[in-house]
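Data first, discussion second: the structure below is written as structure tokens.
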């Protein structure tokens, strides 16, 4: 990827350093920031076509541009496709009003320089987006009648190996809203026109959190990045309430900690290697079963920059063809991926009692509801009588089968195994072992 999707440490041309509390960002007042992750009413839009990449190819973009009779508007983060560039030039030469807005921020003026120069030398009206904010949206409007909204850049080098999706939206209100927003951005006014299932950034986090929160049975997610506390909390919450949550990404050390943390809460995570298809898609598929369900397809990465500062565009739809396309592709990627596991850690003993006579020898100290925990101790007294009591985060004493009084063996070893109740709330619990030879305590975390 020439410019991997940006955003974890960049807001416009400003690099984030230090804490959020100390962050000051200038020049962004025209684009309102996301301030709430409260649930929002979900609206959807119908789409008439969907393309899954890399299988579909980008011929549909060629055809759409070639079909234009009055106007073509293109907003693109990365453009490096000579065929598309010459198609735009040809339509402009034929009298079609062709406008192109290219991202300038985060190296965009360098990466898109050749495309800008080529288009600028023709009758195409091409403009740089402002250099103090990332224009990451990927969309095309043809004749004011159809909006093509995607997750992929128009980069020839990426086409064969990158997982992306595009949809065609011909709903009049949606196309009009996208057109009006493009007009404002092209004129550097930066207002956003809303309509039905369109999802714009800045300010998309609450909508996507609400979409995740609406899941009842299944949740499929693909994204290039995982660095949004709001999105991650929503995924954890879905898994905790019994939703089957699958997340697929390309393996990267940048997100490994976040992914392991999701796994600890019951999210099923798999990653693909760099030799497999590159997950550039940004999709959410809620309760997608047999063509029914709700899908988000857009340019928004799961990062603070993408959700709260960048110019991004996506759409939420229940159109069965879109649901099926995302469902099939994400499940296929999941099947091909490598499972991410959360390490089950054992801890050194924490001992009280005369002479360290009772020692905790093994204990899983981070566990999720529904899983079995195990604790082993050694007493200096053979055949000792030992009692294990677990105090839950709520303050109540656990009554799980497997706890209580048991007897050590002839060399003083004893083990308890018990299940953490599925309704147990998260927090710090305490295990207390009391034997004839002494007493030992250990705190552990229920996730």
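Every number in this text was worked out from the coordinates using simple rules, so none of it is lab data. This structure is a prediction, so every number in the text was calculated from the model and none was measured. Here the Cβ positions follow ideal geometry from the backbone for every residue, glycine too, while neighbour counts run over all protein chains shown.
Numerical summary
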quantity	calculated
Length gained when the stretch residue 60-residue 445 is fully extended (0.36 nm per residue, less Cα-Cα span)	133.4 nm
Pair residue 157, residue 336: separation of 7 Å Cα→Cβ label points (nm)	2.1 nm
Hydrodynamic radius by Kirkwood, which averages 1/r over all alpha carbon pairs of the range 146-220, in angstrom	14.6 Å
Per residue, the convex hull volume that the Cα atoms of the range 351-446 enclose (Å³)	77 Å³
Beta bridges by DSSP in the chain, antiparallel share as percent, to the nearest 5	70 percent
Relative exposure of 286, 260, judged by other C-beta atoms within 10 Å (fewest first)	260, 286
DSSP bridge orientation in the range 83-173 - percent antiparallel, rounded to nearest 5	65 percent
Overall Cα dimensions of the range 278-430 - principal axes, largest extent first, Å	68, 36, 32
Potential extension, residue 362-residue 233 segment - 0.36 nm per residue separation minus Cα distance	43.4 nm
For 378, 120, order by how many other beta-carbon atoms lie within 10 Å, fewest first	120, 378
Where Rh is the Kirkwood radius over Cα pairs, Rg/Rh for the chain	1.11
Distance (nanometres) between label positions extended 7 Å along Cα→Cβ at residue 170 and residue 184	2.7 nm
Potential lengthening between residue 415 and residue 44 on full extension [0.36 nm per residue; Cα-Cα distance subtracted]	128.1 nm
Contact order relative to length of the chain, as percent, for alpha carbon pairs under 8 angstrom and 6 or more apart	15 percent
